[in-house]
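Visitor: Mind looking over this structure? Questions follow.
Nothing in this text is a laboratory measurement; each read-out follows from the coordinates by a stated rule. What you are looking at is a predicted structure, and each value in this text was computed from that prediction instead of being measured. Counting neighbours? That spans all protein chains shown, and the Cβs are built from the backbone with ideal geometry, glycine included.
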Amino acid sequence: MSVVLSAHDTPAQSGSNSILAFDVEAVRRDFPILTQQIHGKPLVYLDSAASAQKPRQVLDAMNEAHECYYSNVHRGIHSLSQTATDHFEAAREKVARFINAPSSDQCIFTRGATESINVVASSWGRKFLREGDEILISAMEHHANIVPWHFLKEQIGITLKIIPIDDNGDLDMEAFDSLLTERTKLVGVTHISNALGTINPVRDIIRKAHDAGALVLVDGCQAAPHAPIDVQELDADFYVFSSHKVYGPTGIGVLYGKADILRDMPPHQGGGEMIDIVTFEGSTYKDIPHRFEAGTPAIVEAIGFGAAIDYINAIGKEHIAAHEAGLLAYAQDAVSSIKSLRIIGQAREKASILSFVMDEAHPHDIGTILDRRGIAVRVGHHCAQPLMQRFNVSATARASFGIYNTRTEVDAFVEALEKVQDLFG
Ligand code: PMP
């Protein structure tokens, strides 16, 4: 592994929150895609919140799986199948340790966070919810944590209630307290907002929800790459995230759940891998996690996911968090000189995301101008249309910072925004 921490020998300062920095240039060398030019300019990739780039270690692990021991998992008696199964299950162990799950059986591989939430809604929701039951979600949820609950509204007649946020993008916790009643069966909340960067007080939310008798599902998509996660300390009932946001491949993610809750849930899909005995009269099912993993899983992707977790662990979440906090502070400070720019989302605690609008310039114009300078940002509603409505905007431009970004890149970004201001001012 070529990740090199420079903390012990090069005590470089990188922003107010960091103690010692890791060697970002060494990290960048692990990401082959970053060396290219776009429109003749060095690529500045500020879109990791949508999907992060993959280090060579992940690509190599996946190549090795395909070249050396690829086979279907679990059912094979032959050597390749056993090796593939060992690597696949080792990846599950890595995921479990990454979030401090009590057991890897509680980590179900899914296609991603979206599927994980849909599993909870369609399996747990359809079994345990009745007409008039309430689900509480926040005003800053991604569509993945809104639409599955709409299905239950249509199918069962549940009520969806929304925890409001203030103008800074902080959750209104007093409103949360009053919305939480004995009718609330589940609170679904994002750990970190993909569109604002708000870090939500999930431990507090979980404690209060449990006192009211409700379960809590935490959408950890944006937290998993940036912050240490301990599902036991949080006491989360469900925790979901996707591999592709933590520098792993697409097509795989996790649904963590408490064991007794998962064991009470019926399978959401039927097929191979998830059964115990099948006759034409009926089927019995395997225990967790396999009960929720019908069909051939994303084998090589799981192995890549495990390699991505190894990569993050080798650097250390505390170094990543410090590096990104430094970049965010630096960027927020730098854009404050651009008078036509307004940051959307100024929460007390924020992570790695800078969402903004500019007078006159539509976010799509901003995105296009930045792209001509090699800078990749996301523009649009960020799969959070209700949140955009809350801020009276149709879209924002969003820069999101990852492990490989540098202050030089932030400088290029700010210079490009100055250009936008000149063009539209
Ligand atoms: N929740 C949040 C907060 C996200 O940022 C995303 C991805 N943008 C999702 C859910 C959905 O993740 P995926 O598309 O990987 O299923």
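Visitor: Would you please give the residues with an amide H less than 5 Å from that of Ile375, counting only those at least 5 places away or on a separate chain, with H modeled from the backbone geometry?
Guide: Answer set, sorted by chain and number: Val44.
Visitor: What list of ³J(HN,Hα) couplings, whole Hz, do you get for region 225-231 from phi and the Karplus terms 6.51, -1.76, 1.60, once you set θ to phi - 60° and write x for glycine and proline?
Guide: x, 10, 10, x, 10, 9, 5
Visitor: Sticking with the crude label model, points 7 Å out along Cα→Cβ, report the distance from His66 to Ala175 in nm, one decimal please.
Guide: The answer from the label model is 4.8 nm.
Visitor: OK, next. FRET efficiency for Asp235 and Thr296, Cβ-Cβ distance as r, R0 = 35 Å, nearest 0.05?
Guide: Numbers: r = 34 Å, r/R0 = 0.97.
Between Asp235 and Thr296 the formula returns 0.55.
Visitor: Okay, moving on. If you build a Gaussian network model of the chain, linking Cα atoms that sit under 10 Å apart, which residue out of Ser71, Ser103, Ser178 swings the most?
Guide: With Cα springs under 10 Å in the chain, the top fluctuation among Ser71, Ser103, Ser178 is at Ser178.
Visitor: Could you work out the relative contact order of region 255-362, using alpha carbon pairs under 8 angstrom and six or more residues apart, expressed as a whole percent? Don't jump to the answer; show the numbers that get you there.
Guide: Values: 73 pairs, mean separation 17.2, N = 108.
Taking the mean separation of contacting Cα pairs over the length of region 255-362, I get 16 percent.
Visitor: What length, rounded to one decimal in nm, is gained on full extension from Asp287 through to Ser337, with 0.36 nm per residue of separation minus their alpha-carbon distance?
Guide: Numbers: separation 50, 0.36 × 50 = 18.00 nm, distance 5.74 nm.
Full extension from Asp287 to Ser337 adds 12.3 nm.
Visitor: Still on this structure, please answer the following. For an R0 of 25 angstrom, estimate the FRET efficiency from the Cβ-Cβ distance between Thr159 and Asp204 and round to the nearest 0.05. Kindly include the intermediate steps, with their values, before the conclusion.
Guide: Numbers: r = 23 Å, r/R0 = 0.93.
Step by step, r from the Cβ atoms, then E = 0.60.
Visitor: By average Cβ neighbour count within 10 Å, what is the ranking of 80-93, 398-411, 275-288 from highest down? Write out the running numbers ahead of the final one.
Guide: Working: 80-93: 18.2, 398-411: 22.5, 275-288: 11.1.
Packing proxy ranking, top to bottom: 398-411, 80-93, 275-288.
Visitor: Quick one: in the chain, what % of C-alpha pairs are over 34 Å apart? Could you put the intermediate results ahead of the total?
Guide: Values: 30089 of 90100 pairs.
Taking all Cα-Cα pairs of the chain, the fraction more than 34 Å apart is 33 percent.
Visitor: Between His210, His319, His66, which gets the highest mean-square fluctuation from a Gaussian network model of the chain, Cα cutoff 10 Å?
Guide: His66
Visitor: What does the C-alpha gyration tensor say about the overall shape of region 158-307? Classify as rounded when a/c is under 1.5, otherwise prolate if a/b is larger than b/c, or oblate. It would help to have the intermediate numbers written out before the result.
Guide: Numbers: a/c = 2.64, a/b = 1.46, b/c = 1.81.
Verdict is oblate for region 158-307.
Visitor: Antiparallel DSSP bridges in region 59-313: what percent, to the nearest 5?
Guide: Approximately 45 percent, going by the DSSP bridge assignments.
Visitor: Continuing with this model, one more query. Amide H neighbours of Ile275 under 5 Å, at least 5 residues apart or on other chains, H built in the peptide plane: list them.
Guide: Amide H to amide H, under 5 Å and 5 or more residues apart or across chains, Ile275 pairs with Lys286.
Visitor: What's the center-to-center distance, using Cα atoms, between region 324-352 and region 96-132 in Å?
Guide: 34 Å
Visitor: Using 7 Å Cα-to-Cβ label points, what is the Arg348/Ala314 separation (nm, one decimal)?
Guide: Output for this residue pair reads 3.9 nm.
Visitor: Normalised by the number of residues in the chain, what is the relative contact order in percent for Cα pairs under 8 Å and 6+ residues apart? Mind dumping the intermediate values first?
Guide: On the way: 876 pairs, mean separation 98.7, N = 425.
Computed value for the chain: 23 percent relative contact order.
Visitor: Once amide H atoms are placed 1.01 Å from N in the peptide plane, what residues at a sequence separation of 5 or more from Ile163, or on another chain, have their amide H within under 5 Å of its amide H?
Guide: Ile137, Ser138, Ala139
Visitor: Same structure, new question: Just grab the label-to-label distance for Ile275 and Asn168, each label 7 Å out from Cα along the Cβ direction, in nm (one decimal).
Guide: With each label placed 7 Å out from Cα toward Cβ, I get 5.6 nm.
Visitor: From the Cα gyration tensor of region 382-425, with a ≥ b ≥ c the square roots of its eigenvalues, which class applies: rounded if a/c is under 1.5, or else prolate if a/b is larger than b/c, or else oblate? List each step's numbers first, then the result.
Guide: Details: a/c = 4.59, a/b = 1.36, b/c = 3.38.
Since a/c reaches 1.5 but b/c is at least a/b, the shape of region 382-425 is classed as oblate.
Visitor: Can you give the relative contact order of region 59-313 as a percent, counting alpha carbon pairs under 8 Å and 6+ residues apart? Don't skip to the end; give the middle numbers.
Guide: Values: 495 pairs, mean separation 62.4, N = 255.
Value for region 59-313: 24 percent.
Visitor: Rank these for me by crowding, Lys245, Lys161, going from fewest to most other beta carbons within 10 Å. Walk me through the numbers on the way to the answer.
Guide: Working: Lys245 27, Lys161 17.
Ranked by crowding around the Cβ, least crowded first: Lys161, Lys245.
Visitor: Can you compute log10 of I(q)/I(0) for region 59-313 with the Debye formula, treating each Cα as one identical point scatterer, at q = 0.10, 0.17 Å⁻¹?
Guide: -0.49, -1.28
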